[in-house]
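Let me begin by presenting the structure, written as structure tokens, before commenting on it.
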Amino acid sequence: MKQLVYHLFETPLGWCGIAWAEGGRSSAAPAVARFQLPEATARETESRIARSGALPSSAPPPSIAEVVGRVCRHFRGDVQDFRDVAVDLDGVAPFARRVYEAARRIPAGQTRTYGELAAALGRPTAARAVGQALGKNPVALIIPCHRILAAGGKAGGFSAHGGLATKARMLAVEGAAFGVHSA
């Protein structure tokens with residue numbers, strides 16, 4: 001198993017954490033393996049990302065530092081497209097991978113429902129399974145689970161600290177809101 005390392009950084013929404021595998025086998029830039037949205041304090045954010053088995057890093061490599069900068073700009077209102085960010089989904093089940101790939105195709109400022117995502121995957125009765133997969137999303141924001149709403153454009157759930165208030169803030173940064181469905 002790869003050793004993950006993490007870096008904490010402050011954003012307008014609070015302290016976030018990002019983790020990647022150290023010393024990968026190839027010369028390719030490291031991929032994001034975990035992304036921790038802000039908890040109530042920096043210490044709680046660090047505790048949460050460390051639970052993944054990641055160890056602290058003194059500084060991120062350049063490709064990860066670039067993602068950190070983009071996240072900070074995003075949360076300041078300069079909306080970023082993270083679809084080009086490499087993610088490491090080792091250990092993620094095939095269905096969840098498909099859910100994450102579909103969620104990544106939703107542009108900032110747009111939303112879909114759990115049911116719409118399930119139907120797009122060819123599994124129209126799997127809305128609940130889609131929600132369960134999104135609840136385990138290891139790289140929230142990069143894989144934009146906050147853009148998935150319940151039927152009728154209602155909030156649905158959100159497992160990050162602050163729950164639906166955090167989801168609403170993230171959508172507001174992108175110009176979207178609950179109850180407003182845009183295709």
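The values are calculated or read from the model by the stated rules, or taken from the named source; none is laboratory data. What you are looking at is a predicted structure, and each value in this text was computed from that prediction instead of being measured. When we count neighbours, we look across all protein chains shown, and the Cβ atoms used for this are built from the backbone with ideal geometry, even at glycine. Just the protein is used for accessible areas: all its heavy atoms, side chains included, with ligands, DNA and RNA removed. Shrake-Rupley method; radii C 1.70, N 1.55, O 1.52, S 1.80 Å.
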*Charges only on Cβ, +1 for Lys and Arg, -1 for Asp and Glu: so what's the dipole of the range 56-112 about the Cα centre, in debye to the nearest 20?*
260
*Rounding to the nearest 20 debye, state how big the charge dipole of the chain is about its Cα centre with +1 on each Lys and Arg Cβ and -1 on each Asp and Glu Cβ.*
520
*Evaluated over the range 71-173, the Cα radius of gyration and Dmax, each in Å*: 12.9, 37
*Looking at the range 34-105, which trypsin sites (Lys or Arg not before Pro) are in a loop (DSSP not H, G, I, E or B) and have at most 15 other Cβ atoms within 10 Å?*
ARG51, ARG76, ARG83, ARG105
*Would you mind getting me the FRET efficiency between GLU22 and LEU164? Use the beta-carbon distance for r and R0 = 41 Å, nearest 0.05.*
0.75
*Determine the principal axes of the Cα atoms in the chain, then give the extent along each, sorted from largest to smallest and rounded to whole angstroms.*
45, 33, 25
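Relative to the compact-globule scaling 2.2 N^0.38 Å, provide the ratio for the alpha-carbon radius of gyration of the range 1-90.
Numbers: Rg = 12.5 Å, N = 90, 2.2 N^0.38 = 12.2 Å.
Cα Rg divided by the expected 2.2 N^0.38 Å: 1.03.
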*Amide H to amide H, which residues 5 or more places from LEU141 or on other chains are under 5 Å from it, using H placed in the peptide plane?*
HIS146
*How many percent of the accessible area of the chain is carbon or sulfur, using a 1.4 Å probe?*
53
_Quick check for me: using +1 on Lys/Arg Cβ and -1 on Asp/Glu Cβ, what's the dipole size of the range 1-105 about its Cα centre, in debye to the nearest 20?_
280
*Alpha-carbon Rg with Dmax, taken over the range 120-183, Å*: 11.5, 32
*Which cross-chain or sequence-distant (5 or more) residues have an amide H under 5 Å from the amide H of THR11, H modelled 1.01 Å from N in plane?*
CYS16
*Fraction of beta bridges assigned by DSSP in the chain that are antiparallel (%, nearest 5)*: 65
*Among GLY115, VAL92, LEU134, whose Cα sits farthest toward the positive end of the charge dipole of the range 80-153 (+1 at Cβ of Lys/Arg, -1 at Cβ of Asp/Glu, about the Cα centre)?*
GLY115
*Once amide H atoms are placed 1.01 Å from N in the peptide plane, what residues at a sequence separation of 5 or more from VAL32, or on another chain, have their amide H within under 5 Å of its amide H?*
ALA86, VAL87, ASP88
*Find the accessible area per residue for the chain; the probe is 1.4 Å, ligands and nucleic acids are left out, and the unit is Å².*
49
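So what is the relative contact order of the chain, in percent, for Cα pairs below 8 Å that sit 6 or more residues apart?
Numbers: 315 pairs, mean separation 37.6, N = 183.
Computed value for the chain: 21 percent relative contact order.
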